1. I'm trying to understand the selection: among the residues of the stretch 1-49, which are touching a Pro at 6+ places or on another chain (Cβ under 6 Å) and in a loop (DSSP other than H, G, I, E, B)?
2. Please go through (1) surrounded by 10 or more Cβ atoms within 10 Å (Cβ to Cβ); (2) at pLDDT below 80; (3) outside any helix (DSSP H, G or I); (4) not hydroxyl-bearing (Ser, Thr, Tyr) for residue 72 and return the number of the only condition it doesn't satisfy.
3. Identify all residues within the stretch 1-36 that are of a type in the set (D, E, K, R) and out of contact with any helix residue (DSSP H, G or I) (no Cβ under 6 Å at 6 or more places or on another chain); write none if there are none.
4. In the stretch 34-53, what residues are of a type outside the set (Ser, Thr, Tyr), over 16 Å from residue 8 (Cβ atoms) and loosely packed, with under 11 Cβ neighbours inside 10 Å?
Amino acid sequence: MIIPIRCFSCGKVLADKWEKFQEEIKKGKEPAEVLDELGITRYCCRTVMITHKDFIDEIAKYRRFLLPAEEREGAGKK
């Protein structure tokens, strides 16, 4: 799972609050209430937490197979 480490705008660390945020949301709490409890008050940080979508499982289906190093280096030399 790829989680937001820091806020993209202000740089505040958010990763340590991510799991607690997800647990409380799954229990049925409102996101605004959970963010208030976690002390996330800046609108930029709140946006990162609320809008994050984990796509790693979908992306992993379409991984590219990498060529061995010698094939990559010699590919254009023929």
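1. 14
2. (3)
3. Within the stretch 1-36, 6, 16, 19, 20, 23, 26, 27, 29, 30, 33, 36 qualify.
4. The one that is of a type outside the set (Ser, Thr, Tyr), over 16 Å from residue 8 (Cβ atoms) and loosely packed, with under 11 Cβ neighbours inside 10 Å: 39.
The values are calculated or read from the model by the stated rules, or taken from the named source; none is laboratory data. Not measured: the values here are computed from a predicted model. Here the Cβ is made from the backbone with ideal geometry for all residues, glycine too, and neighbour counts use every protein chain on show.
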